[in-house]
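Please read the structure below before turning to the comments.
Derivation of every value follows stated rules applied to the coordinates shown; laboratory data play no part. Everything numeric here is computed off the predicted structure, so don't read it as measured data. Every residue, glycine among them, receives a Cβ derived from its backbone with ideal geometry; neighbour counts consider all protein chains shown.
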Amino acid sequence: MTLTIRDLCVARGGLPVLEGLNFSLAPGQALILRGPNGSGKTTLLRTLAGLQPPLSGEIIAGEDQIAYAAHSDGLKAMLTVAENLTFWADVFGQRDIETAIDAFSLDPLRDRLAGTLSAGQKRRLGLARMLITGRPIWMLDEPTVSLDVDAVALFASAVRAHLGAGGAALIATHIDLGLEAEVLDVTPFRAAHDARLGASDEAFL
Ligand SMILES: Nc1ncnc2c1ncn2[C@@H]1O[C@H](COP(=O)(O)OP(=O)(O)OP(=O)(O)O)[C@@H](O)[C@H]1O
C-alpha cells in the first residue's frame, strides 16, 4: 500500500511547522528525512503515525499500516527482552519473535530485564519491535542514536530486508545508513511562522 501525502501542514502547539508537503512512499521504497534540528521532522513523523492531527491536508494510508519508533524506546523495564517482544507480538497479533531477535542479535540478552540494558542495547530492542508489528510502513525517528557501528549495520540490514519484502520506511536521520533511498529535505517546507516563534506548553509524550 502506498502512503500518499497531499498538501500537508503539520503543527506544534497549533502553530504550523511544515507546510505544502506532497510526497508518496511506495512498497519497497525508503525515504530519508533531513533537515536541521528543530525543523519539524519529529512533528511530521508523529502526524503521519496518527499521534497528532495535521493542521490541514491529507494523509492517505490504509488502516493499521504504520509502525512508529520514536526517540524513546517504549520498553517495559521489568520485563525481559523476550517478554517485551512477546508483549508486543500479542498487541499486534503476531507470533514470531525469533526473527526480530536474530535481526538485532538479541539472543544473548533475551533473558535480561530491559531496564538493565545499555542505551544501545535498549535501542536495538526498541527497533526489533518494528519487525514484531507486522506493519508495512515504518516511521523511524533518529533510529541509530546510541547504536555502535555493528548495530547500525544490523539496523540497515533489517530495513533492507523489510523493503525487499515489500515494506517501506520513512527515516529521520542525520547519518548515512548506506541505503538506496531518496532524500526529502524538509527545509523548504518550513512554515513562514513556525513554532520556534511562539510558545507552546504541548510536550511530545
Ligand atoms: N514545547 C514546545 N513549544 C514550542 N515549540 C516547540 C516545543 N517543542 C518543540 N517545539 C518546536 O517545534 C519545532 C519542530 O520540532 P521537531 O522536534 O519536530 O523538529 P526535528 O526536526 O525533529 O528536530 P531534531 O532534529 O532536533 O530532532 C521546533 O521549532 C521546536 O523548537
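Roughly speaking, what is the centre-to-centre gap between the range 51-68 and the range 1-32 when only Cα atoms are used, to the nearest Å? Cα centroid of the range 51-68 versus Cα centroid of the range 1-32: 9 Å apart. At full extension, Ser56 and Ser118 could sit 18.3 nm farther apart than now, given 0.36 nm per residue minus the alpha carbon distance. Our coupling estimate for the range 179-184, obtained by passing each phi through the Karplus curve with A = 6.51, B = -1.76, C = 1.60 and θ = phi - 60°, is 8, 6, 8, 7, 10, 10 Hz, Gly and Pro reported as x. Once C-alpha pairs closer than 8 Å and six or more residues apart are averaged by separation and normalised to the residue number of the chain, the relative contact order reads 33 percent. Measuring nothing but how far apart in sequence close Cα pairs (under 8 Å, 6+ apart) lie, relative to its length, the range 76-134 scores a relative contact order of 51 percent.
Sorted by mean Cβ packing within 10 Å, highest first, what order do the peptides 86-97, 23-34 take? Don't skip to the answer; put the middle values down first.
Details: 86-97: 15.2, 23-34: 17.3.
So the peptides 86-97, 23-34, ranked by packing, come out 23-34, 86-97.
Just checking the listed ones, Ala119, Ala128, Ala172: in the Gaussian network model of the chain with Cα springs under 10 Å, the one fluctuating most is Ala119.
Return the calculated 222 nm mean residue ellipticity for the chain, to the nearest 500 deg cm²/dmol, obtained by summing -39500 (n - 2.57) across DSSP H runs with n ≥ 4 and dividing by the residue count. Please list the in-between numbers first.
Working: 5 runs with 56 residues, N = 205.
It lands at -8500 deg cm²/dmol.
Counting charges near Phe92 (Lys, Arg +1; Asp, Glu -1) among other residues having Cβ under 13 Å from its Cβ returns a value of 0.
Output the Kirkwood hydrodynamic radius of the range 72-113, Cα pairs only, in Å rounded to one decimal.
Numbers: mean 1/r = 0.0958 Å⁻¹.
After inverting the mean inverse Cα-Cα distance, the result is 10.4 Å.
Ordering Met78, Met130, Met1 from the fewest to the most neighbouring beta carbons within 10 Å gives Met78, Met1, Met130.
DSSP loop (so not H, G, I, E, B), at most 12 other Cβ within 10 Å: list which GluC sites (Glu not before Pro) in the range 42-98 pass both filters.
Values: sites: Glu58, Glu63, Glu83, Glu98; in loops: Glu63.
Hits after loop and neighbour filter: Glu63.
Computed with the Debye formula from one identical point scatterer per Cα of the range 1-61, without solvent, the log10 of I(q)/I(0) at q = 0.12, 0.15, 0.24 Å⁻¹ comes to -0.27, -0.42, -1.05. Each 5 Å bin from 0 upward holds the following percent of the Cα-Cα pairs of the chain: 1, 7, 15, 19, 19, 15, 12, 7, 3, 0, 0.
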